[in-house]
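Step one of this worksheet: look at the structure below.
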Amino acid sequence: MQATYSIAVLPGDGIGTEVMAAALAVLHAAGRRCGRRFDTVSHAAGAQHFADTGVALPDGALDACRTADAILFGAMGLPHVRGADGTEVIPQLDIRFALDLYAGVRPVRTWPGLPVPLADPRATGIDLVLVRENTEGLFYARGRGEVRADEAVDPMKITRRGTARIADFALRLAQQRKARGRPGHVTNVDKANVFRSMAFWRQVVHERAAAFPDVGLDDAYVDAMALNLVAKPWQYDVLVTENMFGDILSDLIASLVGGMGMAPSADIGDRWALFQPAHGTAPDIAGSGIANPTAMMLSAAMMLEWLAARHADSALADAALAIEDAVRQCFAQGVVRPFEFGGRSGTADIAAAVQERL
């Protein structure tokens, strides 16, 4: 293990800079608690940086991501900043592909003290993880799509290697959750009734599941899954799905626990990992001080958990749990309530309350 960990920090655009400041304060407080230091160095990148300089992700920032122990990412992209092809400037996708961060991990759960949108009392027990394949699927089309005279075509790519490794990731995650009292079940989400690529995806997932006999597996079409996630989300444990389906469903599941401000995420590869809130830059509230930093703080906790496993450093795992417990106390005790839940607690209020409990 080591006493100091280097963290490449990319605050980005809009509220990314605000929630990042809150998360860094909490991270350093957790470090003092567990006897570890975090060397956090910020790097400029993002849509505004592109508008100012013509470069969205400088080589220096990407190099820093490669050399750091982990990457902490705010939010990037602005609706009015677009490339020549008409799409938004989104450097996080460049990082995913450059570092082969193939597993998008999107956990959601309910928190005592905060209301949930579903009336069924079982909705207070939502605790699931969506695992999204990050490098293939329809997102493979980025930069490869073709616009012809009267049509536009975006290719979709599913490979055995890509599907096998994301299936293995989801199955291992289900094993880990089973050891902590969760069901240990994976639901494969696809559209195998229509697309040959998805039928192939399902075949590979089932092939990989044979090596995990202690993990349950079932299948669902993505349209039916969208319905079931609204009707009975408490029934699910781990979902695994293609890139575009995961992009859409991850926002849906965030809404089930109160919104994007409560949804942390990670993009994980075999060597590198990036941790970020699932939300965007929210330019409409940027600078107002009301952004909910919980997703960013919980993403920092996910980073500590990943670092703990990678470096066999149990102190970091304890720090991750301490952050989660501090967040839980703040909401359960009614100390703070974010604006999207009808409260009046701003970014700084929530960060200060969590730090106090650390």
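The values are calculated or read from the model by the stated rules, or taken from the named source; none is laboratory data. What you see is a predicted model; the values in this text were computed from it and never measured. Counting neighbours? That spans all protein chains shown, and the Cβs are built from the backbone with ideal geometry, glycine included.
Quick notes on this structure:
- A single entry from Gly77, Gly184 fulfils the requirement of being modelled with pLDDT under 95 and under 28 Å from Ala300 (Cβ atoms): Gly77.
- If you go through the range 138-147 and keep only what is part of a strand (DSSP E or B) and in contact with a strand residue (DSSP E or B) (Cβ under 7 Å, 6 or more places away or on another chain), you end up with just Glu146.
- Applying the criterion of at least 2 residues that are in contact with a Pro (Cβ under 9 Å, 6 or more places away or on another chain) to the strands (runs of 3 or more DSSP E) found wholly in the range 1-113 leaves 4-12, 70-75, 103-109.
- Qualifying residue in the range 222-235 (condition: in contact with a helix residue (DSSP H, G or I) (Cβ under 6 Å, 6 or more places away or on another chain) and not hydrophobic (A, V, I, L, M, F, W, C)): yes
- Unique match (being assigned to a loop (DSSP other than H, G, I, E, B), surrounded by 15 or more Cβ atoms within 10 Å (Cβ to Cβ), of a type outside the set (A, V, I, L, M, F, W, C) and within 22 Å of the chain's Cα centre (by Cα)) among Thr124, Thr135, Thr163: Thr135
- All conditions but one from (1) of a type in the set (D, E, K, R); (2) under 20 Å from the mean Cα position of the chain (by Cα); (3) surrounded by fewer than 21 Cβ atoms within 10 Å (Cβ to Cβ); (4) modelled with pLDDT of 95 or more apply to Glu88; the one that does not is (4).
- Residue in the range 284-291 that is outside any loop (DSSP other than H, G, I, E, B) and either of a type in the set (Gly, Ala, Ser) or buried (at least 24 other Cβ atoms within 10 Å of the Cβ) (or both) present: no
- Test for Gly83: is it within 27 Å of Leu173 (Cβ to Cβ) and either assigned by TED's automatic domain parsing to the domain that holds Glu146 or of a type outside the set (Phe, Trp, Tyr) (or both): no
- Residue identified as more than 20 Å from Gly74 (Cβ to Cβ), touching a residue at least 60 places away in the same chain (Cβ under 8 Å) and not in a helix (DSSP H, G or I) among Gly334, Gly280: Gly334
- Residue count for the range 169-182 under the criterion of being over 21 Å from Tyr221 (Cα atoms) and in contact with a strand residue (DSSP E or B) (Cβ under 9 Å, 6 or more places away or on another chain): the result is 4.
- Matching residues in the range 238-267 - criterion: being under 19 Å from Val205 (Cβ atoms) and buried (at least 20 other Cβ atoms within 10 Å of the Cβ): Val238, Leu239, Val240, Thr241, Glu242, Asn243, Phe245, Gly246, Leu249, Ser250
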